Structure formats: structure tokens, C-alpha cells
Amino acid sequence: MGAEAIIIGAGPAGLSAALWCADLGIEALVLERRPEIGGQLLWIHNAVKNHLGSTAQNGRELRDRFAAQLATFATPILLNSAVAKADLTAGRIWLESGAQHEARFIIIATGLRRKRLNIPGEREFEGRGVAISATRDLDSFSGKRVCIIGGGDGAVENALMLAEVGARVTLVHRRAELRARRQFIERLHQKPNIELITEAVALRILGEQTVKGLEIERRGVRLTLPTDAVLIRIGFAPNTELFREQLELDAQGYVRVNRELETTIENVFAIGDISNPSAPTISGAIGDGATVAKVIAERMRHQT
Ligand SMILES: Cc1cc2nc3c(=O)[nH]c(=O)nc-3n(C[C@H](O)[C@H](O)[C@H](O)COP(=O)(O)OP(=O)(O)OC[C@H]3O[C@@H](n4cnc5c(N)ncnc54)[C@H](O)[C@@H]3O)c2cc1C
């Protein structure tokens, strides 16, 4: 028998939906494009203290606990299985490999990705001085010049962490005011090795074998900041391009859902960060997984 529900994405939302489906007797199949489950949990390198009922040294530790709990059920989770195409009305999904899956209920839990600037040099120097993902090896930046682009929590927190290991940090932000939380901004102003450049736009990343500079434009004037590394921390975007033609999205690409987390297509749900632009959290994603499974169980009960 095929699955009754297909869950796309194995972050907290998808894993919670899988757990609840198993508990409620719904046959589910999870499709995850990466080689391991966890979604953004794998990017959390600090302690997770705000998840009720369980703290963790980092997101990976929390992920391991989710995985252990899920392993007590027999829900199939296909890794390296990126969904490439979907006919949501027909409940049909195609993987990049060409394999096809079908189910009456589709649960989309594809989460967020880090935004890129799409400027010259960004892809060319990625891994050779340019970083989009989280910075783990902080000590390697000691004594180095680092430009960080962005003005939210991620950018300012990274600037503080790097300043603390002795990097010379320039924070480049396109607006006049930073968007980060107040505690971060107060600490930023106390660090002599962080320079803040506001109202500036990054134009291109320069280098040869490795990064040598960042060209920016500020109030109509172009200048090059000499630097050893460029970290891009300009926020997140929802992974919803695949469904753009079929679902109703808001201006930022987040899926619009009703109170049952159902999209504009019957029996197609969007849960977790992709339908929650204002408050993306682990707890919220997990709650969505529970809600969607309960809604599906109720529909199945009334139709059998
Ligand atoms: C640095 C950082 C720190 C954070 N700290 C906290 C914190 O302290 N507390 C807190 O509550 N929240 C925190 N968050 C937010 C939290 O991690 C997210 O809200 C949560 O992970 C959202 O879960 P999700 O399942 O909706 O999406 P995600 O975790 O993004 O998972 C989505 C999954 O879908 C997969 N996917 C995407 N497209 C496809 C496709 N086409 N086919 C198959 N699979 C696909 C992805 O690979 C991914 O595994 C933090 C986030 C970050 C980045």
C-alpha cells in the first residue's frame, strides 16, 4: 500500500508531523533532500534553551533526540530525496531522481534557506573566504579582517563572536538602523574592533585565489574595503519556489494557510517556517506537525 500522507522536509515540522502521523495510525512517507534529517537544527551551534521540556548544547543534540524518538516508529524517511516537481491537486510528487510518489494528503514542511546577495564573487569565492552558512571555526578568524553583510540578529551576533576571538570586523548594513535585538546592539557599540558602515550596499567581492576585498556603494560613492573574508548574513527565504504556480504565497514567498494549516488546495498543508513568517521557532514547527496530523486523522475518520 502507498502512503496516505507524504511529508516533504525532515526539519522539526516534518519530523513532528511524522511522529504524530505514526501515533495516530496514518501511513506517512517523509522525503528529505539532504543526507540527514534536522533541517535548520543542524545550523544551531549555540545552546538551545527555549525549547520547553528539553535543553540542548546545540541543535544537533536536539535533532538526535528527535531522531531517537522517531526511530521507535517505523515511518520511512527517504534521505537524499529532493522533491523536484509536484502536482499538488493530484497529490503527486516527483523526486530529482525521477521517482514518483502519490498520496491523498501532502504536507509541505520545506522550511527556510539562507538568502544570497547574488553579486559577482559570491559563488566564485564561496568556501575560499566567502561564507553563507554559519561560522563554526571561529578561531581561524583571529587577527583577520572580516566584512559581515547584514543588520539582523545573525549578522550582529556573528560580528560580536568574531570580535571576541580577535578579528577586525566591519559590519556593512544597507539601512540606517540595525534590526538586531537591543542587547546585541549595545554590546556591538562597546567593541573597539567592530566598525559599522550603514546605508551601504555590497556590489562585488574581489580576489584572486582567495578574497581580498569587498566593493560597496555608500551614498553614491564606491569604495573597496580590504578584507580576508566576507560573511553574508542577510536573513532567510522560504523554500517555496516549487509550489509558486500552485499555491497562494505572500509577497515574501511564504505559503498562506488557514487555521487548519491547509493551503488553497484541499488536503495540501504547509507547516513550520514556510507558513509562519512572523515567528519561526522549533516549538511552533513542532506544534504545526501535531495540528496537521490531527486534522488529517479527523478527515480520515469521517470518510471511512
Ligand atoms: C542559527 C539559528 C538558530 C536558531 N535558534 C533557535 C532557537 O534557539 N529556538 C527556536 O525555537 N528556534 C531557533 N531557530 C529556528 C528553528 O530552527 C526553525 O524555526 C525550525 O527549524 C523550523 O523548522 P521547519 O521544519 O519548518 O524547517 P527547517 O528546519 O528549515 O527544515 C526544512 C527541511 O526541508 C528540507 N527540504 C527543503 N526543500 C526540500 C525539497 N524540495 N525536497 C525535500 N526536502 C526539502 C530541508 O532540507 C530541511 O531539512 C534557529 C534557526 C537558526 C538558523
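The values are calculated or read from the model by the stated rules, or taken from the named source; none is laboratory data. Since the structure is predicted, the reported quantities are computational estimates derived from the model, not experimental observations. As a convention, Cβ positions derive from the backbone with ideal geometry for all residues, glycine included, and neighbour counts pool all protein chains shown. Heads up: the accessible areas ignore ligands, DNA and RNA and are worked out on the full protein's heavy atoms, side chains in. Shrake-Rupley method; radii C 1.70, N 1.55, O 1.52, S 1.80 Å.
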Of all residues in the range 249-259, how many are open to solvent by 80 Å² or more (accessible area, probe 1.4 Å) and farther than 15 Å from Ser278 by Cα?
1
Name every residue in the range 141-155 that is modelled with pLDDT of 95 or more, hydrophobic (A, V, I, L, M, F, W, C) and either out of contact with any Lys or Arg (no Cβ under 8 Å at 6 or more places or on another chain) or more than 16 Å from the ligand (Cβ to nearest atom) (or both), in order of residue number.
Val146, Cys147, Ile149
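Here is a yes/no grid of residues against (1) at pLDDT 95 or above; (2) open to solvent by 50 Å² or more (accessible area, probe 1.4 Å); (3) farther than 18 Å from Thr75 by Cβ:
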position	(1), (2), (3)
Ile6	yes, no, no
Ala17	yes, no, no
Trp20	yes, yes, no
Leu24	yes, yes, no
Ala28	yes, no, no
Glu32	yes, no, no
Glu36	yes, yes, no
Asn46	no, yes, yes
Ser54	no, no, yes
Filtering the range 243-285 down to residues that are within 10 Å of the ligand (Cβ to nearest atom) and without any contact (Cβ under 8 Å) to a residue 12 or more places away in the chain yields Ala279
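Yes/no matrix, rows are residues, columns are (1) touching a helix residue (DSSP H, G or I) at 6+ places or on another chain (Cβ under 6 Å); (2) open to solvent by 30 Å² or more (accessible area, probe 1.4 Å); (3) at pLDDT 95 or above:
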site: Thr264; (1), (2), (3): no, yes, yes
site: Asp273; (1), (2), (3): no, no, yes
site: Ser278; (1), (2), (3): no, yes, no
site: Gly284; (1), (2), (3): no, no, yes
site: Glu298; (1), (2), (3): no, yes, yes
Those residues of the range 120-139 which are of a type in the set (D, E, K, R) and open to solvent by 30 Å² or more (accessible area, probe 1.4 Å) amount to Arg123, Glu124, Glu126, Arg128, Arg136, Asp137, Asp139
Is it the case that Phe184 is of a type outside the set (A, V, I, L, M), closer than 30 Å to Val268 by Cα and in contact with a helix residue (DSSP H, G or I) (Cβ under 9 Å, 6 or more places away or on another chain)?
no
Do the conditions hold for Ala180, that is, is it assigned by TED's automatic domain parsing to the domain that holds Thr224 and closer than 19 Å to Val211 by Cα?
no
Scan Ile216, Ile232 and give me the residue that is touching a residue at least 12 places away in the same chain (Cβ under 8 Å) and within 30 Å of Arg256 (Cα to Cα).
Ile232
Inside the range 69-119, counting only strands (runs of 3 or more DSSP E) that do not spill past its ends, which hold 1 or more residues that are under 24 Å from Ala237 (Cα atoms), within 14 Å of the ligand (Cβ to nearest atom) and open to solvent by 10 Å² or more (accessible area, probe 1.4 Å)?
83-87, 92-95, 112-114
Which numbered condition in (1) part of a helix (DSSP H, G or I); (2) more than 16 Å from the ligand (Cβ to nearest atom) is the only one that Asp288 fails?
(2)
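One line per residue, one yes/no per condition, for (1) modelled with pLDDT under 95; (2) open to solvent by less than 60 Å² (accessible area, probe 1.4 Å); (3) farther than 18 Å from Ser133 by Cα:
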{"position": "Met161", "(1), (2), (3)": "yes, yes, no"}
{"position": "Leu171", "(1), (2), (3)": "no, yes, no"}
{"position": "Arg181", "(1), (2), (3)": "yes, no, yes"}
{"position": "Phe184", "(1), (2), (3)": "yes, yes, yes"}
{"position": "Glu199", "(1), (2), (3)": "no, no, yes"}
{"position": "Thr224", "(1), (2), (3)": "no, no, yes"}
{"position": "Asp228", "(1), (2), (3)": "no, yes, no"}
{"position": "Gly235", "(1), (2), (3)": "yes, yes, no"}
{"position": "Asn239", "(1), (2), (3)": "no, yes, no"}
